[in-house]
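Beneath this line is the structure, given in structure tokens, with notes to follow.
The values are calculated or read from the model by the stated rules, or taken from the named source; none is laboratory data. A quick note: this is a predicted structure, and the numbers were derived from the prediction, not measured. With ideal geometry, Cβ positions are generated from the backbone for all residues, glycine too; neighbour counts draw on all protein chains shown. Heads up: the accessible areas ignore ligands, DNA and RNA and are worked out on the full protein's heavy atoms, side chains in. Shrake-Rupley method; radii C 1.70, N 1.55, O 1.52, S 1.80 Å.
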Amino acid sequence: MPDLEYFRDLVTTERRAAELAAFDGKVVGTFCNFVPEELIVAAGAVPVRLCSGDAAAAGASEVFLPRDLCPSVKATAGAVQGGQGLHGRADLLVMPTPCDGKKKLGSVLAEFRAVHVLDLPPRKDSSSARAFWLDQVKELRHALEKLTGRSITRQTLRAAIELFNRRTAAWRRFLGLRHLVSGTDALFVAQASFSDDVLRYTERLEALCAELEAKARTNGAESGGVRLLLTGAPLIWPNHKVIGLLEGGGGAVVADETCAGSQRLYQPTVLREWNLRAMLEALADKCLKPQTCPCFVDGGDRLNRILELVEAHAVQGVVYHNLRLCALFDIESFAVQRELRQRGIPMLTLATDFSQEDTGQLKNRVDAFLEMVRT
Amino acid sequence: MNRITLLRRITQVLCFVVVIYGGFIWRHPIEILPKIQPGVPRTTLYERNRILWVSAKESVADLYIPALACRFIAKGGFFKSCSLHFLSENFTWRTSARVMMPHLLFVLALSLLFGKLMCGWVCPLGALMDGMTWLRRQCGKARRFLSPSTERFLFNTRHTLLWASLAISVLIGFPWLGAGANDAMFLIYCQFCPARLLYPELGGVNPCWADRTSAITLTLTLCGWLTFALFFLGFVVPRFWCRICAIGALTGYFNRGAILTIEKSQRKCTSCGTCARNCPVDIKMVYTERGRPVVTDPQCQFCLTCLEDCPEPGCLELKFLGKRIVKS
């Protein structure tokens, strides 16, 4: 049996929070995939991605945040304000500004915790955007050095980049074996990386890949089920409602294009020379240019990624998860729908939030969609 | 080390040894430098020795290549000279097409088949610059970048140098400027090409640092000091000379021909920008081109760094006559 318990455990229990409570160094909370966590490790701190899918925390935040706001932003804010677990342990929060919600969180959360805002350019493909972002990354470097009191040197940064590249290589290897586990399990593996120690996670992931490869050799058949691609807003534990409905109804999420799934660990930092300047530029590029968040003006990269995954995994249907009140994913869904329709690939758009009230409705729509795709 | 880079390094070393030291390895029996007779006006190529035909011997192979093999290599080297020297010399003398044709066909064939792969894999000057980059990396020093306006300026400069040299070569074949000027501007590009100063040194022979025969020759050969110094900027900017080299500009015209191409799958590309960031000659086209599959820039030297470093399998491909040779 492949050892998926380890990953599931990290996501669903407070084990990591307990470990870090005993850790006497600095813990840096991050959000999204824009933060170069290699810098955090090189400065001697521990990075933890704090994006939350907790409905209770979202409710708790309505004391100081509007009700009509992205549920993920509310959940994150509620968790930080509540100060429990990992959200309570973070010494510094690094907040990128992809969307309105996260922008304002930059100032709202500053009341409860130290926040370093990482300004994101509205376009990622121009040379001025790249220069601007590089400046932001350099500012972050200084802020981290100040936090930990340790300089980021050529050696420590190189070691961090090489470790993260090793993790990415293991992740890409896992993506090739993903059909041997359920989509839900794959999400757990991805989300375990939010908080786990990078080296330990990498070793565990490599071990998992070895197990899966052995399994593939003896019994390579994957479970049946309608082959689905899940995309849109991320499904972050405990908000796994949608994937639960999909796989419960007979679908198999064989691929996903979400920032808390496949895209989390996908990009390597490829360098030919290892001086600080080259490393910082490469890191900045990696954290900006290939990111498929819909917050940028142009959504072409995301479309390409979806189309490529659809072909590579012989996907039969695409499920677009629209988190209610997120204009960005909502607007982009039209372009995605159009491209998929042109290629004759059915798409189901599910607009939902963290509450369980619409589960019945969603289940009906999911079941109808799966039925339609099957025929 | 990446496999393609390893293969390229081996090729570069071999070509370097063959081109520069070919005259030492394979001895050619023919002595071509005749004695100078004072008072007798110089009319033939071989009698013009003041700019230093330091090589008294003919080259091993009577061939010109679209890369920096050079007439001034000690003991002649393997190839006769570069394509620009070939054109320049023969435009001046208005050599008959029959005599020129075999050489021209050979140069054309290499240019059409391989384009600036010659620069990336064969040219000894390029190999030297790659050696400088290697040294810089060993010292852990970062590279410098050229501003877009500088890059544009250098682009214009190299094409201007190319066409001006060819035009002057034609012009001095006629008596209009007088014998003095004609003589002084013979092989004008060679007079300030850094290879003329560098290559003889590599073979242990002294080149002519300043040709005092006339004001023109003095000026031109002193320009050679400038280009020689610029060559060493290759320590801070990878392949710096390639951005000025007129031979490269000439070969670059053949780069977009359909024979050797780099092609990109738009859909597999994740826009990570690694190709643009790691390119030694700062080509952005592989990253910026979003429409057509062919992404071969006229400056591309086919070092294939982009292809090797691309994290997406199958995204970039090297094709020869439409057939894939290697992919990312």
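For chain B, what's the relative contact order in percent, using C-alpha pairs closer than 8 Å and at least 6 residues apart?
Here the relative contact order equals 19 percent.
First check a/c for segment B:259-327, with a ≥ b ≥ c the square roots of the eigenvalues of its C-alpha gyration tensor; if it is under 1.5, answer rounded, and if not, answer prolate when a/b is larger than b/c or oblate otherwise.
It is rounded, given that a/c, with a ≥ b ≥ c, falls under 1.5.
Students often forget the sequence filter, so: which aspartates and glutamates lie under 17 Å Cα-Cα from B:Lys284 once same-chain residues fewer than 8 apart are removed?
Partners found: A:Asp125, A:Glu281, A:Asp285, B:Glu151, B:Glu263, B:Asp297, B:Glu308, B:Asp309, B:Glu317.
Considering chain A as a Gaussian network with a 10 Å cut-off on Cα pairs, which listed residue, A:Thr153, A:Thr76, A:Thr97, attains the greatest mean-square fluctuation?
A:Thr153
Over the residues of chain B, compute the C-alpha Rg and express it relative to 2.2 N^0.38 Å.
Scaled against compact globular proteins, the figure is 1.04.
In degrees between 0 and 90, to the nearest 10, how far off the longest principal axis of chain A does helix A:71-82 point, with axes built from Cα atoms?
Computed tilt is about 40 degrees.
Which loop-located chymotrypsin sites (Phe, Trp or Tyr not before Pro) does segment B:85-180 contain, where loop means any DSSP state but H, G, I, E or B and the Cβ has at most 14 other Cβ atoms within 10 Å?
B:Phe145
If you line up the long axis of helix A:183-192 against the longest principal axis of chain A, both from Cα atoms, how many degrees apart are they, to the nearest 10?
So the inclination is approximately 10 degrees.
Report, for the protein assembly as shown, the % of DSSP beta bridges that are antiparallel, rounded to 5.
25 percent
Running a GNM on chain A with Cα contacts under 10 Å, which residue among A:Ala233, A:Ala284, A:Ala312 ends up with the highest mean-square fluctuation?
The residue that fluctuates most here is A:Ala312.
Which residues' amide hydrogens lie under 5 Å from the amide hydrogen of B:Val326, considering only partners 5 or more residues apart or on another chain, with H built in the peptide plane?
Hits under the 5 Å cutoff: B:Leu318.
Give me, ordered by chain and number, the residues 5 or more places off A:Thr349 or on other chains with an amide H under 5 Å from its own placed amide H.
A:Tyr320
Would you look at the GNM of chain B, springs on alpha carbons closer than 10 Å, and say which of B:Gly273, B:Gly252, B:Gly23 moves the most?
B:Gly273
What value, in deg cm²/dmol to 500, does the helix sum -39500 (n - 2.57) over DSSP H runs of n ≥ 4 give at 222 nm once divided by the residues of chain A?
Theoretical 222 nm ellipticity from helices: -16500 deg cm²/dmol.
Please check which bits of segment A:231-253 a label hung off A:Gln337 would reach, taking the label as a point 7 Å along Cα-to-C-beta and the cut-off as backbone N under 17 Å.
Only A:231-233 pass the distance filter.
For the pairs A:Lys103/A:Lys289; A:Lys138/A:Lys289; A:Lys215/A:Lys363; A:Lys215/B:Lys268; A:Lys289/B:Lys268, flag any whose C-alpha to C-alpha distance is greater than 25 Å.
The answer is A:Lys215/A:Lys363; A:Lys215/B:Lys268.
Please get the size of the charge dipole for chain A, origin at its Cα centre, with Cβ charges of +1 on Lys and Arg and -1 on Asp and Glu, quoted in debye to the nearest 20.
620 debye
May I ask for the angle, rounded to the nearest 10°, between helix B:3-25 and the longest principal axis of chain B, with both axes built from Cα atoms and the value confined to 0 to 90°?
Helix B:3-25 and the main axis of chain B meet at about 10 degrees.
Quick one: accessible area per residue over the protein assembly as shown, 1.4 Å probe, rounded to a whole number of Å²?
Per-residue value: 42 Å².
Cα centroid distance between segment B:135-175 and segment A:219-278, in Å?
If we compute the Cα centre of each part, the gap is 48 Å.
Could you tell me the accessible area of A:Cys293 in Å² (1.4 Å probe, neighbours in place), rounded to the nearest ten?
So the heavy atoms of A:Cys293 present about 50 Å² to solvent.
Under 5 Å between amide hydrogens, which residues at least 5 positions from A:Cys32 or on another chain qualify, with H placed 1.01 Å from N in the peptide plane?
Correct list: A:Cys51.
According to a simple spin-label model (label point 7 Å from Cα along Cα-to-Cβ), what is the distance in nm between A:Thr12 and A:Lys146?
Using points 7 Å along Cα→Cβ, the separation is 4.2 nm.
In whole Hz and in residue order, list the ³J(HN,Hα) couplings for segment A:124-138 that follow from phi through the Karplus curve 6.51 cos²θ - 1.76 cosθ + 1.60, θ = phi - 60°; x for Gly and Pro.
Karplus-based 3J(HN,Hα) across segment A:124-138 equals 10, 9, 9, 6, 5, 4, 5, 5, 4, 5, 4, 4, 4, 5, 5 Hz.
Under the classification rounded if a/c is under 1.5, otherwise prolate if a/b is larger than b/c and oblate if not, where does the protein assembly as shown fall, given a ≥ b ≥ c as square roots of the Cα gyration tensor eigenvalues?
It is prolate, given that a/c is not under 1.5 and a/b is the larger ratio.
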